[in-house]
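Q: One structure follows; several queries about it will come next.
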Amino acid sequence: MASAKSAVVTGGAGFIGSHVVDRLVGDGYRVTVIDDLSSGKRENLPPGVELVVADVTSDATDAAIKRAAPTLVVHTAAQISVTKATREPLEDARINVIGTVNVLEAARAAGTAKVVFFSSGGTVYGQPDRLPVDESHPKDPENPYGTSKLAGEEYLAMYRRAFGLDSMTLRLANVYGPRQDPHGEAGVVAIFTRAMLADAPVTIFGDGNDERDYVYVSDVVDAVIAASGPGGPGACNIGSGKGTTVNKLCAMLSELTGYTRKPLYGPPRPGDIHAISLDAGLARAKLGWSPKVSFDAGLARTVEFFREQADRERAGG
């Protein structure tokens, strides 16, 4: 049977996962983190949190979830790069599809009350025919990453129907904020900020007019907490509803960091979507969720975090 106020967070030593862990610990949960540390970091975790170092597809992950018997599983572990997925679709599917099924099977056996799954609002819809996109839009992913995330969603839906395992999918916009690593396409804020603070070149892929929807990490954590109760819609978009071009993002970060170089431009990356923004009206209506942190404020907080990190690194601390 599941234990009271206990949670497992897969990928919990990573960028978004570690912020989820912080909130759950603060809310009184006993938290177990499963992370292979391929991009996550032990130092992202607060004291007292058990860390199981394991691949999400492994027997060790299955055993850790069953042992923890959590009331809540937050499944953030994933292969998150569109570019890598396009180059290595088998590996992408291994982690994002087989890994998700492994987590769901263990959660079902453990008597877990709720699973919250991170999907990709930026890729599962494909090239949208209207903006902002709501959940009724056709799901037509144009790259292996979006396809593997959509497959994960379908497994969650099937486990609800066939096995009664309650779950919710959060289709995230591009998440940014403190602790972000420059992995995957959503890492552009961290990539640009780090380069600018080091006065290093910044490269934009394509002409810079592609639009993305950005959501600050604390708002995503709020969405996880809102989704963690019983019931609710099967899937919700989590985003701002507004698109920002890469050129605009670059200009905003240049101003915040005092960066004076002009960006370089490279060829477009295969599998990239030209424009996406997410209508979060369903999350507002059903979860009481809406973003609280403006893009200006979120970028300022993020730049300050990376500036302090850079200062510590220069000081050797």
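The values are calculated or read from the model by the stated rules, or taken from the named source; none is laboratory data. These numbers were taken from a predicted model, which means no experiment stands behind them. All Cβ positions, glycine included, derive from the backbone under ideal geometry; neighbour counts span all protein chains shown.
Q: Quick one: N237 ticks every box in (1) buried (at least 22 other Cβ atoms within 10 Å of the Cβ); (2) modelled with pLDDT under 95; (3) of a type in the set (S, T, N, Q) except a single one, so which number is it?
A: So N237 meets the others, but not (2).
Q: Filter region 273-296 down to the residues that are part of a helix (DSSP H, G or I) and in contact (Cβ under 8 Å) with a residue 12 or more places away in the chain, then identify the one that is farthest from N237 (Cα to Cα). Lay out the reasoning, then the answer.
A: Restricting attention to region 273-296, the residues satisfying the condition of being part of a helix (DSSP H, G or I) are 281-287, 295-296.
So of that shortlist, the ones also in contact (Cβ under 8 Å) with a residue 12 or more places away in the chain come out as 281-283, 286-287, 295-296.
Working: G281: 8, L282: 7, A283: 7, K286: 11, L287: 11, F295: 17, D296: 21 Å.
Looking at residues that are part of a helix (DSSP H, G or I) and in contact (Cβ under 8 Å) with a residue 12 or more places away in the chain, I get D296.
Q: Quickly run through region 240-275 and pick out the residues that are under 26 Å from the mean Cα position of the chain (by Cα) and farther than 23 Å from Y216 by Cβ. Before the answer, list the steps.
A: Pass one, region 240-275, residues under 26 Å from the mean Cα position of the chain (by Cα): 240-254, 256-257, 266-275.
Within region 240-275, G266, P267, P268, R269, P270, G271, H274 qualify.
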